[in-house]
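The values are calculated or read from the model by the stated rules, or taken from the named source; none is laboratory data. Values in this document were obtained by computation on a predicted structure and should not be read as measured data. In case anyone asks, the SASA skips ligands and DNA or RNA and just uses the protein heavy atoms, side chains included. Shrake-Rupley method; radii C 1.70, N 1.55, O 1.52, S 1.80 Å.
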Amino acid sequence: MDKDSTVIYRHFNAPSRAFTQFSNELIRHPRLSSDSVRLLTWQLSLPQGALESLSTSAQRARIGGCAFTRAKRQLKEEGFVHERRIQVARGRWITQQLVSNTPLTSDQAVKLLSRIPAPTCTDPVTPQVTPSTPTPAAGHPTTPPTDRHPDKDPGEDTSNLPDETADVADT
């Protein structure tokens, strides 16, 4: 059967609950791979207030490491994903991820991210541990002499050649 004589029938039943609508432009985006679209639709289908990272969504969607890296890069290039790193309490750094169903410019993403309050660190504080003094593996450390110029002639034979007396004895 050739291409012109193919007829495709589509049947669609709208689910009564737990569904998400996506624009056709998103699903058919010419520069997004199928992994990118899957990752984006997975993220956008999460319930309101869910704090699942892109990497966690990729694992749950069974998107491998290299494919995830490529998908995330594509989503960032097209403006669907924006990230920023901020420092929170106790000097810790976190990454905020903004996922959108429409492409956003960097300025638009910054405005939206600035409205989101920075999360507070609820992790228990671990005390700072000072490292112990390492024990040398063999002997005590010594510093090499650096206060003089090495002699040009060490005064002794340091070559690995056999001495002349051995040659005489062999002959």
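Counting only protein heavy atoms and a 1.4 Å probe, tell me what percentage of the range 1-116's accessible area is made up of carbon and sulfur.
Working: 4340 of 8750 Å².
The nonpolar share, carbon plus sulfur, comes to 50 percent.
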accessible surface per residue for the range 1-90, probe 1.4 Å, DNA/RNA/ligands not counted, whole Å² -> 77 Å²
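Hey, what's the Kirkwood Rh for the range 22-70 if you take every pair of different alpha carbons, in angstrom? Walk me through the intermediate numbers first.
Working: mean 1/r = 0.0888 Å⁻¹.
Across the range 22-70, the inverse of the average 1/r is 11.3 Å.
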Sequence order, the range 68-82: Karplus ³J(HN,Hα) from phi using 6.51 cos²θ - 1.76 cosθ + 1.60, θ = phi - 60°, Hz rounded, Gly and Pro as x, gives 5, 4, 5, 5, 5, 4, 4, 5, 5, 4, 8, x, 7, 10, 9
